[in-house]
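Chemist: To start, I am sharing the structure in question, which I have written as C-alpha cells.
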Amino acid sequence: MHIVIACSSLCTSRGGSERAATNLANAMTERGHRVTLLSLSSAPGNDTLLYPLHRQVRHLAWDNSGRHEQLRRLRERLQADGADVFLSMQSSSDHLLWSMVCMGSGIPFICSERCDPVRYTEQRVWNRPGRLAVLSGADVIHELLPSYAESVPSCFKDRVRVIPNAAPVDVKLTHPEARPHERPILLFLARFDGQKRPLLLIDAFRMAVVNHPEWELHMWGHGPLEKAVRARIARCGLEAKAHMRGECKDTPAAYAEAQLYCLPSAYEGLPNTALEAMSAGLPVVGFKECAGIREVVREGETGLVVAESTPEALARALDALMGDGDLRWRMGQTAMQEARTYNPEAVNTQWESLFMELAAKKGHTVMDAFFAEPFASRARLSAAARREWLFRNFGEPMPYGSRWFLLHCATLFRNAACHLLDKLKTLRGPHLPGEISRAGKM
C-alpha cells in the first residue's frame, strides 16, 4: 500500500503525536509499505524532522497558504502517486485542512484524535461544530481510549476504531532504590505548560519532601511556563532539590535514573511518557480527572490515581510512595507487565489491518458520497447539527418550550416594532408622537 500520514507539527514540536506519526511511518515502511509523511512548513526551508525517520519514508513539508489551488495541487499529487489511504494525526482544526485535501480524491480518510476530544479539542483548541464536520467526512474515526468514543455522535459510532499508543522497546530498567551515594529522584518529563501543570507538582513536592529530605525532583522539558517554574522553585526554597534539566535527548536514561514518575496533567490522550515510565519499571502518579491517566494506570497496582486535583492530595500520594521502596518495587514490576500489553508489534498490526481494510474502499469513500449526493448530505448534516443544538444543555428548558417561546416571541415583537419605527421615521421625518417614541425604547 501507499500510506499517507499527516501530522502538521512534525518540524516544530517533539510531542506525543509527532512521535507516534514518525514511529508508525517507520513501522509501516519496515513492513514493506510505501509511506509519505506530510507536515506543514512554518517557514520557508523549515523541513527538518525532530524525530528520526526511516530513510525510505518520503517527507513532504507543505507550505500552506490556505488557497484552494494549493489544496488541489496536493490532492492531484497524492492521486498521481497512487495514495491508498490517508491518516490525519492531530488534535486541532488541521484535521479540516487535511480532510479537504482528500475530498473528491477517492482516498479513504482516517481522522485520528490524539488528545481528549472534548476537554482539549472541543473546549481549548477548536470547537464541536468544526470537529463534527470532520467526523462526518471521515471513513474511520480513530480514538486512543474507549471512553473517547462516547463523545462521537451515535450516527458515526460504526466508524470508530480504538487503537492505543505503543509502549517503547528501547528501555533501560530502573531500580526502586537510588544507587549508592545518589539521591532518589521524582521525575517529571513533559512540556512546561498549563495542561501538564508543573507548578502544581512543585507545590506538592514542597510538602512531600519535608518527610523525605533525601529526594530530588528532576524536571525535563521546555515550554511557556519555564520562567514561572524557575520562579516557583525559588519561592519554595527548593533550589537544592528541584532541578530543571532542559530538553531530554535520552529519555531511556532519564527514566532509568528515577525512582518515581509523576504526570499531573489535567488531560491527555494516551500519554506516551506514562507508558515509557511503566516500561522502565516506574510507578506512575497522576490525577483521576485525566482520562489518559485513569485508564492506563491501575490504581494501587501500577501507580496511584489521585481523586482530588490539588497539591495537597498529590503530596499525600507522593509521600506514600517516596517513603516505601518495597511498594515502589511491586508497583514497578506490575507496571512493566502492564506495559507489555501495549507491545509495538501488536499495535502496528492493528494499524496495518485498518489500512488494508480502508484501501479496499478506495474510490468509494464517505466524501465521495458527498459529491454524488450533495443536497441530501447537506440536509443530513443540517439535521445532525440541529439535534446537537437542541440537546446541548439538559439543565435548561428545551427550546420551543413555554419560557423559550415567550422570549422568542418578545424578541420577534421588538424587532418588528423597531422595523415599524424606522419606516415611520422615513415617512414622517425625525419628529414622532410621544407614544410612538416611547415604544421605540422597548
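Just so you know, all these numbers are worked out from the coordinates, no wet-lab data involved. Predicted model only: the values in this text are computed from it and were never measured. Note: ideal-geometry Cβ built from the backbone for every residue, glycine included; neighbour counts use all protein chains shown.
Chemist: On the Cα set of region 158-266, report Rg and Dmax in Å, please.
Modeler: Rg and Dmax of region 158-266, Cα atoms, are 15.5, 57 Å.
Chemist: Suppose each label sits 7 Å from its Cα in the direction of the beta carbon; what would the A256-H222 distance come out to in nanometres?
Modeler: Computed distance between label sites A256 and H222 equals 2.4 nm.
Chemist: Of the cross-linked pairs K249/K288; K196/K227; K227/K249, which ones have a Cα-Cα span greater than 27 Å in the structure shown?
Modeler: Details: K249/K288 29 Å; K196/K227 15 Å; K227/K249 21 Å.
From K249/K288; K196/K227; K227/K249, over 27 Å: K249/K288.
Chemist: For a quick check: sort W98, W329 by the number of other beta carbons within 10 angstrom, fewest at the front. Please list the in-between numbers first.
Modeler: Working: W98 27, W329 16.
Ascending Cβ contact count within 10 Å gives the list W329, W98.
Chemist: How large are Rg and Dmax for region 185-342 when calculated on the C-alpha trace, in angstrom?
Modeler: 14.0, 42
Chemist: Over all directions, how big on average is the projection of the convex hull of the alpha-carbon atoms in region 80-120, in square nanometres? It would help to have the intermediate numbers written out before the result.
Modeler: Working: hull surface 11.9 nm².
Over every viewing direction, the Cα hull of region 80-120 projects on average to 3.0 nm².
Chemist: Then there is this: Over 18 Å, how big is the tail of the calculated P(r) for region 225-314, in percent of all Cα pairs?
Modeler: Numbers: 2077 of 4005 pairs.
Here the tail beyond 18 Å accounts for 52 percent of pairs.
Chemist: Next question. Listing T174, T12 from the residue with the fewest other Cβ atoms within 10 Å to the one with the most, what is the order?
Modeler: On the way: T174 25, T12 16.
Starting with the residue having the fewest Cβ neighbours, the order is T12, T174.
Chemist: If packing is taken as the mean number of other Cβ atoms within 10 Å per residue, what is the order of 246-253, 225-232, 31-38, 202-209, highest first?
Modeler: Details: 246-253: 13.1, 225-232: 15.8, 31-38: 18.6, 202-209: 22.0.
Per-residue mean Cβ counts within 10 Å order the peptides as 202-209, 31-38, 225-232, 246-253.
Chemist: On to the next question. Which of the peptides 136-147, 317-328, 100-111, 341-352 is most tightly packed, and how do the rest follow, going by the mean number of other Cβ atoms within 10 Å of each residue? Intermediate results must be reported in sequence, preceding the final value.
Modeler: Details: 136-147: 21.0, 317-328: 17.6, 100-111: 22.7, 341-352: 15.5.
Packing proxy ranking, top to bottom: 100-111, 136-147, 317-328, 341-352.
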